[in-house]
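Worksheet: one structure, shown below.
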Amino acid sequence: MVNYYRMHELSIDKVAVKFNLNPSQVRSWYCKYKNEGIVGLRPKPKGRPAKAMNKRKAIKKSTIKPTKEEQYKQRIADLEARIADQEMEIDILKKLRALRQQREKNKH
């Protein structure tokens, strides 16, 4: 869903309708993806965290490291977004060239 949103440049509401989701959920997932990458979309453990055996030791918040598969998915998503941006840029330049040629043609 996040890749679809990034690639098709539709509004969050239209993406939500396409996937039959609540727009706030789509927005939430996209924000998590934007801030944390694909790892942010990983399901979180449910329930209350277990109490520490020794209260003197501070519980270190472990940073979530992406798996190899998640790293590859992130890389693919980044490359697809880059390709889409470059294709859009090419289309804009082609249109600009066509407009300039038409303007030159109208001058003569």
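The values are calculated or read from the model by the stated rules, or taken from the named source; none is laboratory data. The structure displayed is predicted, hence computed values, not measured ones. Because the Cβ atoms are built from the backbone with ideal geometry, glycine has one as well, and the counts that use them run over all protein chains shown. All accessible areas refer to the heavy atoms of the entire protein, side chains included, with ligands and DNA or RNA removed. Shrake-Rupley method; radii C 1.70, N 1.55, O 1.52, S 1.80 Å.
Taking R0 as 41 Å, what FRET efficiency do you get between GLU104 and LYS34 from their Cβ-Cβ distance, rounded to the nearest 0.05? Once rounded, the FRET efficiency stands at 0.45.
In the range 68-108, the ratio of gyration radius to Kirkwood radius, Rg to Rh, stands at 1.43 when only Cα atoms are counted. Solvent-accessible area assigned to carbon and sulfur over the chain amounts to 54 percent, based on a 1.4 Å probe.
Computed over Cα pairs, the Kirkwood radius of the range 1-56 leads via Stokes-Einstein (1.306 mPa s, 10 °C) to a diffusion coefficient of 120 µm² per second. Within the chain, the percentage of alpha carbon pairs spaced more than 16 angstrom apart rounds to 73%.
Going down the list LYS32/LYS68; LYS34/LYS73; LYS18/LYS65, which pairs span over 24 Å between their C-alpha atoms? Check vs 24 Å cut-off fails for LYS18/LYS65.
Once R0 is set to 22 Å, what does the formula 1/(1 + (r/R0)^6) return for the Cβ-Cβ distance between ARG82 and PHE19, expressed as a FRET efficiency to the nearest 0.05?
Taking R0 as 22 Å, the efficiency between ARG82 and PHE19 is 0.40.
Taking label points 7 Å from Cα along the Cα-to-Cβ direction, LEU41 and ILE92 give a separation of 2.6 nm. Accessible surface computed residue by residue for the chain, with neighbouring protein chains in place and a 1.4 Å probe, gives 93 Å² per residue. Only helices enter the 222 nm calculation for the chain: every DSSP H run of n ≥ 4 contributes -39,500 (n - 2.57), and dividing by all residues gives -21500 deg cm²/dmol, rounded to 500.
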